[in-house]
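Report on one structure; see the data block that follows.
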Amino acid sequence: MSDIPVEAAGKPDDVRRALALLNAAGARIGNSLDLETTARELLDVAVPQFCDLASVDLFQDVLAGDEPHAAGPSADGELRRVGFASAVSGAPSSLAAQETTEGQESGPVPVGATHRFAHSSAGGEALRTARIQHTSAAEESMPARFGAVVQSTLSVPMVARDRVLGVAQFSRAKGSEPFGERDAALAAELAARAAVCIDNARLYRREHERALILQRSLLPPGSPEAAGLDIACRYLPGSAATEVGGDWFDVIELPGHRTALVVGDVMGRGLRAAVAMGELRTAVRTLALLDLEPAEVLGALDEIALGLGRPAPESGGRQARGQRGGSDDLAEVYLATCAYAVYDPITRRCTFANAGHMPPLLLEPDDDSAMLLEVPKGVPLGVGGEPFEQVEVELTDGSLLALYTDGLVESRDHPLDEGLHAFRTAFTDAPYELEDAADRVLNKLNVHDGEDDIALLMARVQGLPADSVGDWRLPAEPRSVSRARELTGQQLATWQLQELSDTAELLVSELVTNALRHGEGDIRLRLLLDRTLVCEVWDSGLVQPRRRRAGATDEGGRGLQLVGLLSSGWGSRRTPYGKTVWFELPLPDGDTKPADPSEALLSLF
């Protein structure tokens, strides 16, 4: 075993053959961003044009996307056999089997297995020194059963950026010309080209996995729940050969047991697209909880996307609004499409708004085929300058609704119209069970190995039954406070929720009293029962209530403080004719008792 200096010299025919081999390597190695595939491409070039047998072993750390080892004692870790090729009949199934243990011959190392090179072996020396090692059959280090077939082996370290990724071993069988110095130079060049490609694939794998982890962490966990809706959702990342995209979906609970359904797609790929998706998803949730109309949510989100896509202003001046500047890829990352819908289970109405996204799909219970809803398709988020429109659709119980991203219906293999038709067919024929329906749609469309990410959100409309809603109109006069308490107590008794009566009646009286003092017009009281109890008080006033901390000597100002103390949540929202103030109480579960109103009252003084 000896070190080989790398010198390129030889006869004209040898030089031509070497150049042809290098040209083939340049054309065939590195066509994918997959580590294992790149290693196999090196073997395809080397066998049988350069050698009779070859293998590639890479460090486990490299395959995991971590930083490679520097040459030296640290380059002695665990490797995995990622590729082996042979043009010799009856050759051993593993080229480096004799080097897996110190001082003795062991069994072959199959592709996919992990192993360590013996410290004094050619492979071990190549990894530690980052220099080519030549082993011949005449040397004692070559076991007899290998010497019967192999007469010469080059162990070539795969080095990129002065870091050792692994080792490639090239062998020639008996009857072939033994390796010489120019062969060592050629082997070093082949390994170096492959090492650069493998290192690029490693960096891509690391970014891809980090982006995928980030993206999955930002998606809703498990199966979201919503009042009046059965929901099934699916997210499928693109194939391993493509970068992570910016697809996302969300299910957001709104006051009054309403639900916001969101599906979006950030244009661009990679870690930046995943980060942009996270920022926009957070912005959507924040805007949704402000209880804005869908068109208003998209309008505000468009302003946020403009800000996200704009690079930091230069010192000494502010960048004009709407001016992007910076690189083209930054502008692309923060362009996005989004479909936003709000469903009210009491009215069975769903309000849609669209920012350049695919149209929602709806299947009514009595229809023979699904239809694409005609929602005005606004410009993508981040373009700016155009208002968004919204439409309201009344849904019947049993209707099936789908929001999705373009990866589900569009690919290089077929145009968009063909994909939409296939989706409508699969959606129409889907089974009634929602989880099965989602799986059936994806299987029918054969999207599991697609290039683009896919987000699919399916919801079956159920609505709240009439006996889960209590709704009354009250005149704007003082006696309405006691009437509201009475109606609340009666309704809770009907629902067998007497445990909540004291708390609910107290809070209802506070909200009705505020409506009389600070609101306008008649008062509407509504109680909603689902997974929680929601109480709403409506009036025609536009002034939103504001919670403040009352001083020790103040006679009033403690009503909303009391509502905040005794409820699990409260708030107010605008309506087309005024405002609604609401609070929410959890249903008793036997383990926890409702809050004691008397204790809450004492804590305010």
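The values are calculated or read from the model by the stated rules, or taken from the named source; none is laboratory data. Predicted model only: the values in this text are computed from it and were never measured. With ideal geometry, Cβ positions are generated from the backbone for all residues, glycine too; neighbour counts draw on all protein chains shown. Accessible surface areas use protein heavy atoms only, side chains included; no ligands, DNA or RNA. Shrake-Rupley method; radii C 1.70, N 1.55, O 1.52, S 1.80 Å.
Data table
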{"read-out": "Positions within segment 287-317 being at pLDDT below 80 and surrounded by 16 or more Cβ atoms within 10 Å (Cβ to Cβ), in sequence order", "value": "308, 309, 310"}
{"read-out": "Only one of 179, 170 that is more than 23 Å from residue 76 (Cβ to Cβ) and open to solvent by less than 20 Å² (accessible area, probe 1.4 Å)", "value": "179"}
{"read-out": "Top-ranked residue in segment 390-414 [being under 20 Å from residue 247 (Cα atoms) and either in contact with a Lys or Arg (Cβ under 6 Å, 6 or more places away or on another chain) or part of a loop (DSSP other than H, G, I, E, B) (or both); ranked as most open to solvent (accessible area, probe 1.4 Å)]", "value": "412"}
{"read-out": "Any hit, segment 194-214, residues being surrounded by fewer than 20 Cβ atoms within 10 Å (Cβ to Cβ), over 30 Å from residue 266 (Cβ atoms) and not hydroxyl-bearing (Ser, Thr, Tyr)", "value": "yes"}
{"read-out": "Residue 229 being over 30 Å from residue 576 (Cα atoms), in contact (Cβ under 8 Å) with a residue 60 or more places away in the chain, open to solvent by 10 Å² or more (accessible area, probe 1.4 Å) and not aromatic (Phe, Trp, Tyr)", "value": "no"}
{"read-out": "Number of the exception - residue 455 against (1) of a type in the set (Gly, Ala, Ser); (2) surrounded by fewer than 18 Cβ atoms within 10 Å (Cβ to Cβ); (3) in contact with a Ser or Thr (Cβ under 6 Å, 6 or more places away or on another chain)", "value": "(2)"}
{"read-out": "Selection status of residue 360, out of contact with any Gly (no Cβ under 6 Å at 6 or more places or on another chain), under 29 Å from residue 255 (Cβ atoms) and surrounded by fewer than 23 Cβ atoms within 10 Å (Cβ to Cβ)", "value": "no"}
{"read-out": "Total residues in segment 447-466, condition touching a residue at least 24 places away in the same chain (Cβ under 8 Å) and either within 29 Å of residue 519 (Cα to Cα) or of a type in the set (D, E, K, R) (or both)", "value": "6"}
{"read-out": "Those residues of segment 259-286 which are hydrophobic (A, V, I, L, M, F, W, C), outside any helix (DSSP H, G or I) and open to solvent by 10 Å² or more (accessible area, probe 1.4 Å), in sequence order", "value": "267"}
{"read-out": "Any hit, segment 209-229, residues being in a helix (DSSP H, G or I) and modelled with pLDDT of 80 or more", "value": "no"}
{"read-out": "Helices (runs of 4 or more DSSP H) within segment 426-525 that include 1 or more residues out of contact with any His (no Cβ under 6 Å at 6 or more places or on another chain) and within 30 Å of residue 540 (Cα to Cα)", "value": "479-494, 501-518"}
{"read-out": "Number of the condition not met by residue 585 [criteria: (1) at pLDDT below 75; (2) under 13 Å from residue 506 (Cβ atoms); (3) not in a helix (DSSP H, G or I)]", "value": "(1)"}
{"read-out": "Unique match (being open to solvent by less than 10 Å² (accessible area, probe 1.4 Å), at pLDDT 90 or above and out of contact with any Pro (no Cβ under 7 Å at 6 or more places or on another chain)) among 154, 186, 165", "value": "154"}
